[in-house]
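Working notes, beginning with the structure itself.
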Amino acid sequence: MYDCLQDSYADFSFATYDAVGRPRPLCGSLSATPLPSSDDSALHDLAAFARDQGYRFDHCAQQLIVHDISLADALAVNTRFGQTLIISCDLRRDPPVRF
């Protein structure tokens, strides 16, 4: 990490597993809206993908929100639907990393 105020660079790291060895992956919510030039079919396909993966989701009007999605599945969604949907994702780790 670069600190521009102090003109210094420092590395940092954190444990990817908790005290008993369980992984602590990034997860969060992913929202998707259709591009202005596309229809709602991609949202329906994304809803089917989320349902097949066991995710809870909310579908309202022109937006779909997938809850507690993993980083790997968020990347898969972006790869599969990035050409037809505007995708926004907020991923965090629970508990947060302390530095």
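The values are calculated or read from the model by the stated rules, or taken from the named source; none is laboratory data. Everything quoted here is computed from the prediction, not taken from an experiment. Accessible surface areas use protein heavy atoms only, side chains included; no ligands, DNA or RNA. Shrake-Rupley method; radii C 1.70, N 1.55, O 1.52, S 1.80 Å.
Provide the per residue accessible area, probe 1.4 Å, for the stretch 27-92, rounded to a whole number of square angstrom.
I get 58 Å² per residue for the stretch 27-92.
Kindly provide the pair-distance distribution of the stretch 27-99 built from C-alpha pairs, with 5 Å bins from 0 and whole-percent values in order of increasing distance.
3, 17, 30, 25, 12, 6, 4, 2, 1
Calculate what fraction, in whole %, of the accessible area of the stretch 27-92 sits on carbon and sulfur atoms when a 1.4 Å probe is rolled over the protein chains.
Of all accessible area on the stretch 27-92, carbon and sulfur atoms account for 49 percent.
So who's got an amide H within less than 5 Å of the one on ASP40, skipping anything under 5 residues away but keeping other chains? H placed 1.01 Å off N, in plane.
It is none; the list stays empty.
May I ask you to compute the full-extension gain from ILE65 to ARG93, defined as 0.36 nm times their residue separation minus their alpha-carbon distance, rounded to one decimal in nm?
8.2 nm
Under the Karplus relation 6.51 cos²θ - 1.76 cosθ + 1.60, θ = phi - 60°, what is the ordered set of whole-Hz ³J(HN,Hα) values for the stretch 82-88, x standing for Gly and Pro?
Working through the residues one at a time gives x, 7, 10, 10, 8, 10, 10 Hz.
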